[in-house]
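The structure appears right after this line, and notes come after that.
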Amino acid sequence: MKILIPLDGSKLGEAALPYVKELVSKLSPEVKVELILLQVVSLQTHYVFAGEAATPIFYSEKEMERIQQEARDYLNKVGEGIITKGVSVKIRVGIGNAAEEIIKAADEISVDLIAMPTHGRHGISRWAFGSVTDKVLRAGNKPVLLVRASKGAAQT
């Protein structure tokens with residue numbers, strides 16, 4: 001069984017991990033489980049506005065290398081905390097749009113499940129920021145385990 005766990009580097013983003021651990025612990029010992037931890041980094045740092053025009057400012061190659069290494073370090077650290085008997089953990093860093101990269105990774109790896117949190121945004125916040133989870137649900141073709149991230153987790 002292969003489970004893709006997208007992470008964004010925040011405690012709120014790690015909300016699905018305890019549920020995945022519990023799910024894995026209930027599987028038969030004969031079931032080999034592979035957890036794939038994924039973090040997607042954006043190519044751009046921010047937008048610069050001049051009047052009504054906006055221009056994206058992209059990371060330099062050196063900045064991208066540093067950001068990707070930080071993502072790998074983070075994923076390795078998280079992975080160390082969830083390794084148990086019969087479970088292998090792999091990491092993957094994607095570059096680009098989070099929802100698109102999650103869907104692409106799920107298809108390339110042929111995962112059985114995507115486990116991810118929903119931040120519970122609604123109203124203006126959801127409209128402004130969009131919902132990566134919503135996009136993965138609508139555009140992807142893999143089963144998705146959604147875990148509502150608690151607001152208390154954001155403060156830790």
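When the C-alpha to C-alpha distance is required to be over 23 Å, the pairs from LYS26/LYS90; LYS21/LYS135; LYS62/LYS104 that qualify are LYS21/LYS135; LYS62/LYS104. Exposed loop sites, defined as GluC sites (Glu not before Pro) outside DSSP H, G, I, E and B with at most 13 other Cβ atoms within 10 Å, are absent from the longest region of the chain, namely 53-156. Here the convex hull built on the C-alpha positions of the chain has a volume of 132 cubic angstrom per residue.
Summary value for the chain: 34 percent relative contact order, contacts being C-alpha pairs under 8 angstrom separated by 6+ residues. For the chain, the longest principal axis of the Cα atoms and the long axis of helix 61-80 meet at an angle of about 30 degrees. Measure nothing fancy, just the Cα-based angle from helix 98-109's long axis to the longest principal axis of the chain, in degrees from 0 to 90, nearest 10. The helix 98-109 is inclined about 40 degrees to the chain.
Report summary: the helix-based calculation at 222 nm, which adds -39500 (n - 2.57) for every DSSP H run with n ≥ 4 and divides by the residues of the chain, gives -11000 deg cm²/dmol.
We did not get these values from a lab; they are worked out from the coordinates using the rules stated. Predicted model only: the values in this text are computed from it and were never measured. Using ideal geometry, Cβ is built from the backbone for each residue, glycine included, and neighbour counts are taken over all protein chains shown.
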